[in-house]
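Single-structure report; data block below.
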Amino acid sequence: MSRSIFSFVSRLALSGSALALATPGWAQESAPSDADIIVTAQKGNQTEVRRGGQVGVLGDKAAEDVPFSITSYNAALILNQQPQTLGQVLENDPSIRTTYGFGNAAEQFVIRGFTLAGDDVGFNGLYGLAPRQLVAPELYDSVQVLNGASAFLNGAAPGGTGVGGSVNLVSKRAGPTPLTRVTANYSSGSHFGGSFDVSRRFGDDDAFGIRINGAYRSGDVAIDNEFRRTAVLGAGLDWHSDRVRLSLDLAYQRVQIRNLRPKVTVGATVPAVPAADHNYGQAFSYTTLRDIFGAVRGEYDLSDNAMLYAAFGARDGSERGIYDGITVTNAVTGDANGNALFVPRTDNNETAQAGIRIKLAAGGITQEFNLGGSMIWQVNRNAYDFLYGPGFVGYATNLYNTPRVALPGSTLVGGNLADPFPVGRSKLGSMFASDTLGFWDDRILLTAGLRLQTIDTRSYAYNADPANGIAAGDLTTKLRTSAVTPVVGLVIKPVTGLSLFANRIEGLQQGAVAGAGNINMGQIFPAYVSTQYEVGGKIGLGRFNASLALYQTELPSAYSVPTPTPANPTATTFGLFGLQRNRGIELSIDGEITHGLRVIAGGSVNQARLRKTLGGANDGNTAVGVPDYLANANVEWDLGFLPGATLTGRVVNTGKQQVNAANTLEIPSWTRFDLGARYVLLVGGNPLTLRATVDNVANKRYWASSFDSFGTSLLQGAPRTVKVSASIEL
């Protein structure tokens, strides 16, 4: 299918370019001048953020009207910066950094010092639909970031993450102006591709809209011998009448990666960083990810102040790959052990949401009620094969002078590799209710709400255990937990353009089960509830926006403690004994400082401390992988003396990070500079935009992240990467 997509895009690009070159520039008295067209196209390509977005069950809101921090990065930013993954879009956010979640290319995001897994990225406000490991950004109109916990707003994330924030992907819709855009692009080393984006509206009052877009990219990237191929295709249809709005979104994504540069597990010393483009992965590693997903949504206005809505979505996902890892045994020489793991996996998810939103006003007081519920059903079919060779020792390799080795033999198999059966099922249900009271012409907004949530998970045996009468595929664990997650938020707008806010909101994760070796083995614990307090302010001055937030979040953690008995002196008990407390300050600004000079910038300081650790050994230490500060600045300058020309620059600065809980290992702070330019000109009367960017201009080598949920490992930052593209609008 990827070949057919590429063929279609190639033919469309060629025909579109030929049409553009052949189109005569007819002179009409009322037609805009070439300079007007160039200036209009230049403005349409401005990289921007929107202060606001889809605030869960509260609906689409301006940031000034909600007691939360929310930012939306627009499609122009995605088009101009040419990111190839969602993580590269989120590099613009001063509260987020990206790492890998497992032994493969699965991106996960660290927001306010807590992880957000790819499984928990939303799609049009629904969980369980977006591709779970890598997301190609071309399909989306905006990427929305809600900083902070969101158990009431979005419901519990099915992957159990998102305590520090959430990300929502908004699909593209046909706008009022017809669009036909064709783009060709290249990035170093030899990565070529193209995309198309077409939208139209039809019928009376433009009631029906259709937008189809797709992209194809393939070739080696800037890391030595790392190959990536991505094919995506999406369609968005919508229809409206006076009281009804309907939409349907369908998408296909296929990603292939060979010879991925993996994370690096370290021991007692942090090794020096290898050359920026060096690849210490093995040629036998690969991953193939395929996702088909979509959602339908309907809204019906019962009256001018009451609306019913419902949405349903589904995703069919398939993953297959051999993932390699490297563990450094000598930090000076770079000697290391390597290992490999084969995993076939499929996922089938469905999600549904329905509710009613009612707005009332009486006696100078406004009210907005939200009532509804949601459900998520997930089935995971999985198997594994540890490829470590005899003795489970792996293979010899080196971080700096990496040999090519043969794939080791099978060591341990779980499940059915040829036809994986279900090893996990989950069902998450919730009911919610909220009321927002408005006073003094809505200059004071008070929101209060409750969501009752239930999480039901089941695990199944990978392998038979005859001694305990268990066959492969048998149910081994049932876990059902529930919790009520409240929210209270206050917004005060004392003067036009200024909004002060405060909130108390919670996060929710499914409870843990005491594992083998504990005297309370099999005990099911309640869902983890984290508590967040936040205060801040937002300023909107037309072309310029700024926000400041101070927050604190406390999250329980589980581990086993020694509980010796005369009969068992090494006995342990598993429980929720620990705590992590994150406190921080976030500042962000965006807008046009002066005519033609725009900035997206900000910074955050995060104090992530461990509390109630085992024996108090690590009490007060900094949590692993949480930078002590982050700073970003993205600048665009339209050259007034050269109409159509824009210079761009970005700096990304990340503070030091701890590598282990004892805080005896750390990686230093790092700074990366990106430079670029774009230029709009006319070809046959159609605007053509040329772009060129260089990420990591200095080709700096650095450890980008030490965040790891399973051990002590490091992710190296990307090398210098050149990206060029050309887009023509017909």
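Bear in mind these aren't lab numbers, they're just calculated from the coordinates by the rules spelled out. Quick caveat: nothing in here was measured; it's all calculated off a predicted structure. Methodologically, a virtual Cβ is constructed for each residue, glycine included, from the backbone with ideal geometry; neighbour enumeration extends over all protein chains shown.
At a glance:
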{"read-out": "Modelled FRET efficiency - R0 41 Å, Lys656 with Arg320, Cβ distances, 0.05 increments", "value": "0.65"}
{"read-out": "Centroid-to-centroid separation of the stretch 227-274 and the stretch 309-328 [C-alpha atoms, Å]", "value": "10 Å"}
{"read-out": "Under 24 Å from the Cα of Lys700 - lysines, other chains or at least 8 residues apart", "value": "Lys263, Lys656, Lys723"}
{"read-out": "Relative contact order %, the stretch 202-255, counting alpha carbon pairs below 8 Å whose residues are six or more apart", "value": "33 percent"}
{"read-out": "Rounded to whole Hz, the Karplus (6.51, -1.76, 1.60) HN-Hα couplings of the stretch 45-56, x for glycine and proline", "value": "9, 5, 6, 9, 10, 10, 8, x, x, 7, 9, x"}
{"read-out": "Extended-chain gain in nm, criterion 0.36 nm per residue less alpha-carbon gap, Asp335 and Leu541", "value": "68.5 nm"}
{"read-out": "Karplus 3J(HN,Hα) series, Hz, for the stretch 446-455 with 6.51 cos²θ - 1.76 cosθ + 1.60 (x for Gly, Pro)", "value": "10, 10, 9, x, 9, 10, 8, 10, 10, 10"}
{"read-out": "Computed E for Ala418/Ile593 - FRET, C-beta separation, R0 41 angstrom, nearest 0.05", "value": "0.10"}
{"read-out": "Over the chain, relative contact order from alpha-carbon pairs under 8 Å, at least 6 apart, %", "value": "12 percent"}
{"read-out": "Fully extended contour minus Cα-Cα distance, from Leu576 to Asp619, at 0.36 nm per residue", "value": "13.9 nm"}
{"read-out": "In sequence order, calculated HN-Hα J values of the stretch 320-330 (Karplus, 6.51, -1.76, 1.60; Hz; x Gly/Pro)", "value": "7, x, 10, 10, 10, x, 9, 10, 6, 9, 9"}
{"read-out": "Point-charge dipole on Cβ atoms (K/R +1, D/E -1) for the stretch 625-730, about Cα centre, debye to 20", "value": "280 debye"}
{"read-out": "Residue-averaged 222 nm ellipticity for the chain, from DSSP H runs of 4+ at -39500 (n - 2.57), nearest 500", "value": "-2000 deg cm²/dmol"}
{"read-out": "Gained length - Leu302 relative to Lys700, 0.36 nm times residue gap less alpha-carbon distance", "value": "137.4 nm"}
